[in-house]
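The values are calculated or read from the model by the stated rules, or taken from the named source; none is laboratory data. Here the structure is a predicted model, which is why all the values come from computation and not from measurement. Here the Cβ positions follow ideal geometry from the backbone for every residue, glycine too, while neighbour counts run over all protein chains shown. Surface areas here come from the heavy atoms of the whole protein model, side chains and all, with no ligands, DNA or RNA. Shrake-Rupley method; radii C 1.70, N 1.55, O 1.52, S 1.80 Å.
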Amino acid sequence: MASEVQKRKLSSSDNLNNGDVSKKLKCEDSKCSGVLLFSGLSDYELRNDKDLMKSDALKWSPHRYQTLDGIKIHTVSSGSVSYFFYAVSDEGRVYSCGLNAKGQLGHDDLKNRRNPCLIESLKDHQIESVATGRQHGLFLTKEGIVFSCGDNKNGQCGIGNKKEVVTVPTPINYTGPPIVQIACGGEFSLILNEDGVVFSFGLPEYGQLGLGSENKEISARKEVFHCEYSPVPLTSFVEVDPDEGGTIFLGKPKITKIACGVNHCCAIDDKQRLFTWGFGGYGRLGHNDTKNELVPRLMKCWYRITGRADGGITNVFCGQQFTIVQTIVPKCALLFGQQATNKEANMYPKFIDDLNGWDVKHISCNQSGYIVCADDKVIASQPSPCYGTLAMGPTVKSSAAPKIITTLKDVVCFQTGVGYMHSLYLVRCEKESDLKAIENFPIVKFEDSNEAKNIPDKSKPEKKKTAAKKKPAAKVKKGKK
């Protein structure tokens with residue numbers, strides 16, 4: 001293993017200088033702020049356009065938003081199936097951009113935005129972190145209060161009622177110690193309080209709420225799921241004997257880190273143990289099988305990697321159907337699950353060979369790829385189909401093999417975020433050389449003409465209108481005859 005970790009292998013043929021010490025990131029990630037760059041789809045209303053790949057709405061290389069000119073961004077959201085994003089300034093204010101069909105942008109309307117816009121209702125709160133699901137989002141304040149907005153059909157906003165669309169950030173229905181972390185799955189959410197207790201709410205379909213059941217019944221020959229509309233604490237953490245199948249209950253470990261895929265969850269405790277639960281397809285839970293886990297289950301496969309069978313895990317990141325972890329072994333990362341449909345499914349953690357030897361500082365994942373801040377470079381694996389998330393320009397539109405993003409070679413990136421068809425990069429702007437390099441990226445401001453459109457879930461009303469128009473036309477034709 002040691003020889004593997006020493007590798008510093010690149011799948012890019014570019015001969016880049018990796019020893020530029022002057023470019024190394026010297027500030028702690030949690031305290032950095034900088035300029036936001038984006039690439040990918042700039043207008044999610046066109047996401048199903050048959051000519052999308054030829055559209056000017058796709059930005060194949062990094063760009064800047066004019067509306068964020070002069071605003072330093074502290075953190076950005078990342079979600080495997082998010083059609084929108086949040087960006088938090090160093091003053092704790094939140095800007096949102098993208099699709100807004102369920103009010104997930106938080107502006108008290110259903111209008112899409114192509115330019116990041118300030119969420120006015122959160123101006124009096126200092127936001128520390130944000131999280132995005134498919135069409136809902138969470139906001140965590142400095143005081144440990146959580147707000148939510150967007151789609152609440154399955155209770156994923158956690159506001160304690162069955163209001164299906166929440167257009168203004170609203171406090172979740174939680175009382176207890178301050179919240180320190182938030183995470184969103186596709187249609188569910190997790191929060192973690194300062195005592196190390198995890199709470200879940202939303203859709204329980206695959207057991208991703210970790211409450212011991214999918215909570216479903218058959219009604220009118222259909223599966224009906226009873227969702228959780230308010231946060232519920234997770235109380236059962238287990239270890240399973242792989243040989244005899246016996247279950248050992250581990251009490252309530254103190255959790256220090258949570259992460260969500262679309263339908264699966266991960267949590268690290270203060271003993272560096274990793275628990276996974278939810279949808280088990282393609283081995284994304286790391287238990288050498290594909291069954292769903294209805295409560296958090298301890299992963300026990302680490303001995304060959306960390307020297308501890310039950311742990312040594314320091315960080316975890318979730319993609320749509322895969323999981324990436326970092327361990328106490330430095331300069332390496334491991335993946336289990338299936339990254340893309342044309343790749344093998346890993347039932348156990350497997351080294352990401354191209355990241356061995358790199359000092360990985362941050363990872364973000366989407367439906368089939370990941371973007372990594374490592375040393376002073378940004379490395380990405382974004383298989384086809386890719387919509388500009390690789391950020392390598394129009395000549396290199398996708399790559400399953402990890403590549404250094406050469407368009408970012410002159411800047412220092414300390415955090416990334418990724419969604420379904422977009423990627424975000426926070427780059428340092430402390431030095432004169434930083435500012436000079438940033439000026440080379442195009443700056444754009446879009447006309448938000450689609451703000452005039454109200455975009456509720458209105459497919460049925462539209463069909464009725466079309467039918468009403470056709471009937472008069474038919475009568476006119478008959479009159480002519």
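At-a-glance table
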{"quantity": "Charge tally in the Cβ shell below 13 Å around Phe84, where Lys, Arg are +1 and Asp, Glu are -1, Phe84 excluded", "calculated": "+3"}
{"quantity": "Rotationally averaged projected area of region 382-447 (alpha carbon convex hull; nm²)", "calculated": "5.4 nm²"}
{"quantity": "When each of Lys102/Lys403; Lys142/Lys257; Lys252/Lys300; Lys331/Lys403; Lys216/Lys350 is checked by Cα-Cα distance, pairs over 27 Å", "calculated": "Lys102/Lys403; Lys216/Lys350"}
{"quantity": "Aspartates and glutamates whose Cα lies under 17 Å from that of Lys222, excluding same-chain neighbours fewer than 8 positions away", "calculated": "Glu205, Glu214"}
{"quantity": "Accessible surface, per residue, of region 346-403 when the full set of protein chains is kept, probe 1.4 Å, Å²", "calculated": "27 Å²"}
{"quantity": "Cα-centred dipole magnitude for region 35-120, charges only on beta-carbon of K, R (+1) and D, E (-1), debye, nearest 20", "calculated": "220 debye"}
{"quantity": "Accessible surface, per residue, of region 59-111 when the full set of protein chains is kept, probe 1.4 Å, Å²", "calculated": "30 Å²"}
{"quantity": "With every protein chain in place, region 98-147: carbon and sulfur % of accessible area (1.4 Å)", "calculated": "41 percent"}
{"quantity": "Additional length obtainable on full extension of the chain from Glu447 to Thr175, 0.36 nm per residue less Cα span", "calculated": "93.7 nm"}
{"quantity": "Helical mean residue ellipticity (222 nm; -39500 (n - 2.57) per DSSP H run of 4+; nearest 500) of the chain", "calculated": "-2000 deg cm²/dmol"}
{"quantity": "Of (i) 26.6; (ii) 24.0; (iii) 21.3, the label for mean projected area of the Cα convex hull in nm² derived from the coordinates", "calculated": "(i)"}
{"quantity": "Label-point gap, in nm, between Asp69 and Val168 - each point 7 angstrom along Cα→Cβ", "calculated": "3.2 nm"}
